[in-house]
Structures are given as C-alpha cells and as structure tokens.
Amino acid sequence: MFALTTLDIASRPVACLEIEGRNYPLATCAQVLDQPALDTSVRDLFEDWPRSLALLEQAAARRSALDGHEVSGPVRHMAPLQYPGKVLCAGANYHDHLAEMNVPNAEDKSAQRLFFFFKPPRQAVVGEGATVHMPIGCQRLDWEIELALVIGKTARNVLPENALDHVAAYTVAVDMSARDLNKAPDTFYKLDWVAGKAHDTSCPLGPRLVPAAFIRDPMDLGLKLSVNGQIKQNARTSGMVFDIREQLAILSRIMTLEPGDLVLTGTPAGVGAPQGTFLKIGDEISATIEDIGTLTVQIQASR
C-alpha cells in the first residue's frame, strides 16, 4: 500500500510517494530506480492515471532500493493536490445531517434532491497547519468533514454501475462554511453560496491521497472530526443519501468531469450550526477518515 503526498520543503511543494510513513520525492524515485520520469506535481499524475499508477506500483515494489532517499526531519503536509481542476461539493447529503438541519422528510430519499456548489481551487484548497483564515466579516464559521475523491478518467454521462471506474484516489476534506454569510434573508433567493462556501482557505485537504485500489469500500468508511479535542462528528459514509456512484452519475450529466477534478461528497451530523456553536480564532480542527488519515488545521485571523 502507498499514498501520494505534497510536502513543504524549503518553501516549495514537493510531490512524494508515501510508503509506511516515509516520503520519497517522485523525482528521486525515478532517478534511483531508473524509471521513466514521474511528474513532479501530483496533479499531473492524473492526466494519465493508468500509466502513473503502474509506475508508482513498480516504485513501491522496489521500496528497499529507495531507503536512504526519503525526506528527513519534520515536514508539513501541503494539500496533496496542487491544485484541482474543479472543486465540486455535494450539499446536504447525509440523512442525519438533513435531520439536524430540520430538513423535512430527512429519511425519505425520494423527497431529497442532490445539489452541488463550487469552491475556487487555487484560493480555497490548503493543507495542514495554521492555514485556515476566518472569512472577513464572518461570525459563524462552521466545520464539515467530507470524504473527497479525485477524478482519474474523464467522465461524461456515466452510469452509476461504472462511476467508480473514474475515481483515482480519495482524501480527507473539511468544508469550512460561513453560515452567516451564506444567508441572504432579504433577497428572493435567500442563500448566497459563494459568500458562504467559496471564501479563501475554505477547503483544507489531506494529508494524503490514497489510490482507490487501496480503499476497500468508500461507501463504508468511518469519519470523525474534533474541535479542540472534543468530538463533534462521528459517522460512516454509509449514511449518505446519494452514494458516490449516484453523485458521479448526476454530476457527469451536468458537466464533464476531468482528471484532477475534486469532488466532496457531503457531511454527516454534528456540525456547529444546530447548536449555535461556531469556530473562533485559535481553534484546532482534526478530521480523520478511516484508511486515509488525519488532517489537522488551526483557525487564524482574517486576512
């Protein structure tokens, strides 16, 4: 088993192959193993994912030859994907989250409609650490742990039964939500999805990308999020209203999904809004997804 990471080394993003907690720069892997050059950006690997995956498998199989070439010393995980083509997010896609938000008929799938919103890839996506800034003017910043997937094969009008063939890898994401900026009660539409969801640093991602081949069942993974050590969300992806296959089928009817696109698949119950509990500067969020890992970020002042 292996994963992909992007590390901050001398203030530069360095794409790495991660094996058993050790990180080997992709460029070094190709040089040491006399392989065809791997892309030095994780993002570029998805342009020809079958070829990239085969080379990564070969490198992992020869891991002993790489010993001594790993990154040493303390490192910071940047967002593993620098940067997605599109960032698409499923809204209100867990039965228990619908219930806590007082959505009518929360347990009735036929009464729900799957919808999506965008986040700006270059401004929203950040990695671990003190990377999330309070949106300007926000008083109600909320958390939402989400399983995220990366597209590895162009998808257009795909069938649910074939949809997972288009997924290259999975990672942990947190959809940072400015609940007060999201609301527009004096307008006809009542909601402002750009102000509420698309602010800078609103999509922490990481710490690694795990190839889909190593995720036994993406529809039955444990998710857990804590704020300052207190568990807020604790659920499984089996609680989705529309599963990953259905999401990709619906999305690919709306638009073409391309290699390197990122899809966030919704959040379970336990967000702050129903209790009136929101994040403040200095708070620490830790988000864990089974078989992937833990992403930890801290809230900083507006900028």
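The values are calculated or read from the model by the stated rules, or taken from the named source; none is laboratory data. All values reported here derive from a predicted model rather than from experimental measurement. Cβ atoms come from the backbone with ideal geometry, glycine included; neighbour counts cover every protein chain shown. We work out accessible area using only protein heavy atoms, side chains counted, and drop any ligands, DNA or RNA first. Shrake-Rupley method; radii C 1.70, N 1.55, O 1.52, S 1.80 Å.
Has segment 220-233 got at least one residue that is within 27 Å of Lys109 (Cβ to Cβ), surrounded by fewer than 21 Cβ atoms within 10 Å (Cβ to Cβ) and among the hydroxyl-bearing types (Ser, Thr, Tyr)? Within segment 220-233, not a single residue is within 27 Å of Lys109 (Cβ to Cβ), surrounded by fewer than 21 Cβ atoms within 10 Å (Cβ to Cβ) and among the hydroxyl-bearing types (Ser, Thr, Tyr). Could you tell me whether Leu181 is exposed (fewer than 15 other Cβ atoms within 10 Å of the Cβ) and not acidic (Asp, Glu)? Against the criterion (exposed (fewer than 15 other Cβ atoms within 10 Å of the Cβ) and not acidic (Asp, Glu)), Leu181 does not qualify. Among helices (runs of 4 or more DSSP H) entirely within segment 89-175, having at least 1 residues that are within 19 Å of Ser238 (Cα to Cα) and open to solvent by 70 Å² or more (accessible area, probe 1.4 Å) singles out 160-163. If the Cβ limit is 9 Å and pairs must be 6+ apart or interchain, which residue in segment 227-239 that is small (Gly, Ala, Ser) pairs with which residue that is in a helix (DSSP H, G or I)? What qualifies is Ala235/Asp96; Ala235/His97; Gly239/His95; Gly239/Asp96; Gly239/His97. Restricting attention to segment 72-82 and to residues that are open to solvent by less than 40 Å² (accessible area, probe 1.4 Å) and not small (Gly, Ala, Ser), the residue that is farthest from Val297 (Cα to Cα) turns out to be Leu81. Is one or more of the residues making up segment 190-200 more than 26 Å from Val14 (Cβ to Cβ), touching a helix residue (DSSP H, G or I) at 6+ places or on another chain (Cβ under 6 Å), surrounded by 21 or more Cβ atoms within 10 Å (Cβ to Cβ) and without any contact (Cβ under 8 Å) to a residue 40 or more places away in the chain? Yes, segment 190-200 contains a residue that is more than 26 Å from Val14 (Cβ to Cβ), touching a helix residue (DSSP H, G or I) at 6+ places or on another chain (Cβ under 6 Å), surrounded by 21 or more Cβ atoms within 10 Å (Cβ to Cβ) and without any contact (Cβ under 8 Å) to a residue 40 or more places away in the chain. Modelled with pLDDT of 95 or more, within 17 Å of Leu159 (Cβ to Cβ) and in contact with a helix residue (DSSP H, G or I) (Cβ under 6 Å, 6 or more places away or on another chain) - does that describe any residue in segment 213-221? Checking segment 213-221: at least one residue is modelled with pLDDT of 95 or more, within 17 Å of Leu159 (Cβ to Cβ) and in contact with a helix residue (DSSP H, G or I) (Cβ under 6 Å, 6 or more places away or on another chain). You will find that of Ala106, Ala124, Ala90, Ala65, the residue that is among the small types (Gly, Ala, Ser) and over 22 Å from Val271 (Cα atoms) is Ala65 and no other.
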